[in-house]
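The values are calculated or read from the model by the stated rules, or taken from the named source; none is laboratory data. Predicted model, so just to flag it, every value in this text is computed and none were measured. Note that each Cβ is placed from the backbone with ideal geometry, even for glycine, and that neighbours are counted across all protein chains shown. The accessibility values were calculated without ligands, DNA or RNA, using every heavy atom of the protein model including side chains. Shrake-Rupley method; radii C 1.70, N 1.55, O 1.52, S 1.80 Å.
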Amino acid sequence: MDPLLMIPGPVALSPAVLAAAAEPPVSHVSPVGIASFGDALRAMRRVWAVGDDHQPFLLAGSGTLAMESAASNTTEPGQRALVLVSGVFGDRMARILERRGVTVEKVTAPVGEPVSTAAAAEAMDRLRPHVVFVTHVDTSTGVRTDPGPIGAMARARGALLVVDGVCSVGGEAPPVADVVLTASQKALGAPPGLALLVASPAALQARLAQTSPPPLYVDWEEWLPIHRAYEEGRPSYFATPATSLVRAMATALGEIEDPAATVARHAAVAEGMRRAWSALGLRLVPTEVAHTASTLSALWLPEGTDASFVGRIGAQGVAVAGGLHSEIRARTFRVGHMGWVTTQPALLARTVRAVGVAMRESGLEVDVDAAVAALTEG
Ligand code: PMP
């Protein structure tokens, strides 16, 4: 049997999403293909909590492609961008922007913390960036940055805000921003393979004003008429959509019936996980609960263990992830708790039990039953 997938993406999927993904492929110009694409786009507006003036894009590709698309449609060579870095994915965004010929300044927070609003404001005043980039939840540190104050500061200075929501959309409160991008394999609960982003009218306007267009495949101008056609129920083609994944995505988005309740459920699950980790004597990488993500736990390895600890958890039938951030890679491990599993208390309990048993097998004295009980003792 495959292990229970509790890494921070891809995640375990609901039976309905699995069934949708297993359907025979459909044509992108068939009624079913068009309807599922249109359904997914409408559902994106609902989950992102934006109106009809915002444009969703759904492209075949991973989260990095969504980053490319956001970066290259909102910036041009020679412009200035500020990147607030709370882990490895901010650095990735900076690399993407540098390749676009953008002048990039990074403000990097200490590991376990978000960039402070004071540091962000200082950098904005000095650099006068055209666009500010922030990672909502950095998957390498488990740190959540509140995009609210950053967006307000950017707007006040005439800059756009782009939020990397790969590890947040669906599991954290939707940010108010000019672009919020994500991927299919995390809190939205679909298989890997789709890049999703939603652009504000100001972001769309920035693309229209460009004199150096983005690479063709990620160009919003190419995709706009295609997406509009699918939403209006008309066949259209620019590049073949991943029709099977789009069907699975439409099903997954449909399962997020009440986005606010889904976000609240992720927060409650994260709180339970934190109680369980605490009962096991484990410590989180984020230095404060206020900036700890709801979607994953980045944890310090237990005393006396090394990276092989992740394999010990795996031997219990639960797949968790090792460290990712270069500064803490060898000393941390990560557990995802987003998407469908947040509706499955038994799977969360199985995960805590697997970690606890792995600790016991590493020679540590822990009360595994108490940790599992702590999950639900709120
Ligand atoms: N940003 C964040 C915050 C991520 O967690 C990830 C993937 N873990 C990415 C970007 C890149 O996404 P992908 O691996 O799907 O290209």
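Among the candidates D2, D39, D53, the residue that is without any contact (Cβ under 8 Å) to a residue 24 or more places away in the chain, charged (D, E, K, R) and out of contact with any Asp or Glu (no Cβ under 9 Å at 6 or more places or on another chain) is uniquely D2. Checking each residue of the range 113-126 against the condition of being farther than 20 Å from A12 by Cα, assigned to a helix (DSSP H, G or I), within 15 Å of the ligand (Cβ to nearest atom) and not assigned by TED's automatic domain parsing to the domain that holds T332 gives no match. Counting the residues of the range 228-242 that are open to solvent by less than 20 Å² (accessible area, probe 1.4 Å) and touching a Gly at 6+ places or on another chain (Cβ under 6 Å) gives 1. Kindly check whether there is at least one residue in the range 149-156 that is modelled with pLDDT of 95 or more, open to solvent by 10 Å² or more (accessible area, probe 1.4 Å) and in contact with a Cys (Cβ under 7 Å, 6 or more places away or on another chain). Looking through the range 149-156, none of the residues is modelled with pLDDT of 95 or more, open to solvent by 10 Å² or more (accessible area, probe 1.4 Å) and in contact with a Cys (Cβ under 7 Å, 6 or more places away or on another chain). Just one of the listed residues (E327, E303) is assigned to a loop (DSSP other than H, G, I, E, B), charged (D, E, K, R) and over 26 Å from T135 (Cβ atoms), namely E303. The one condition from (1) more than 16 Å from the ligand (Cβ to nearest atom); (2) surrounded by fewer than 23 Cβ atoms within 10 Å (Cβ to Cβ) that P10 does not meet is (1). Of all residues in the range 339-378, count the ones that are charged (D, E, K, R) and in a helix (DSSP H, G or I). Going through the range 339-378 one residue at a time, the tally reaches 5. In the set V111, V163, V137, V143, only one residue is free of Cβ contacts under 8 Å to residues at least 60 places away in the same chain and touching a Gly at 6+ places or on another chain (Cβ under 9 Å); that residue is V163. Would you be able to say whether some residue in the range 252-262 is at pLDDT 95 or above, touching a strand residue (DSSP E or B) at 6+ places or on another chain (Cβ under 8 Å), among the aliphatic types (A, V, I, L, M) and open to solvent by less than 30 Å² (accessible area, probe 1.4 Å)? Scanning the range 252-262, I find no residue that is at pLDDT 95 or above, touching a strand residue (DSSP E or B) at 6+ places or on another chain (Cβ under 8 Å), among the aliphatic types (A, V, I, L, M) and open to solvent by less than 30 Å² (accessible area, probe 1.4 Å), so the answer is no. L84 meets each of the listed conditions (1) open to solvent by 10 Å² or more (accessible area, probe 1.4 Å); (2) within 16 Å of the ligand (Cβ to nearest atom); (3) under 19 Å from T103 (Cα atoms) apart from (1).
Taking the range 56-81 as the range and being more than 16 Å from the ligand (Cβ to nearest atom) and open to solvent by 10 Å² or more (accessible area, probe 1.4 Å) as the test, the residues that pass are E76, P77, G78, Q79, R80.
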